[in-house]
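The values are calculated or read from the model by the stated rules, or taken from the named source; none is laboratory data. What you are looking at is a predicted structure, and each value in this text was computed from that prediction instead of being measured. Note: ideal-geometry Cβ built from the backbone for every residue, glycine included; neighbour counts use all protein chains shown.
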């Protein structure tokens, strides 16, 4: 996903701006893996294979998202990530 596209996204819960933590980019500087964070509600949305996973809480499948985040903790040496507040 291109950075200019990510800058247009907002939190689906409260419509606040999102902060981006880039974990991996491709050769064209597109974001392949990362985490979008809403500072207002403290929700985190992973970017997996260039696609931000931004479903509302009732449709999120944390059991599918969490293993990816656990893998990132090992690969990228990031702090513990809690996806929902």
### Test result for residue 46, modelled with pLDDT of 90 or more and farther than 23 Å from residue 16 by Cα
no
### Task
Scan region 68-84 for residues that are in a loop (DSSP other than H, G, I, E, B) and in contact with a strand residue (DSSP E or B) (Cβ under 9 Å, 6 or more places away or on another chain) and jot them down.
78, 81, 82, 83, 84
### Residues within region 30-55 that are in a strand (DSSP E or B), closer than 12 Å to residue 9 by Cβ and in contact (Cβ under 8 Å) with a residue 40 or more places away in the chain, tallied
3
### Query
Out of region 4-29, which residues are surrounded by fewer than 13 Cβ atoms within 10 Å (Cβ to Cβ), at pLDDT below 95 and not in a loop (DSSP other than H, G, I, E, B)?
4, 5
### Query
Based on what the data block shows, is residue 65 at negative phi, in contact with a strand residue (DSSP E or B) (Cβ under 9 Å, 6 or more places away or on another chain) and surrounded by 13 or more Cβ atoms within 10 Å (Cβ to Cβ)?
yes
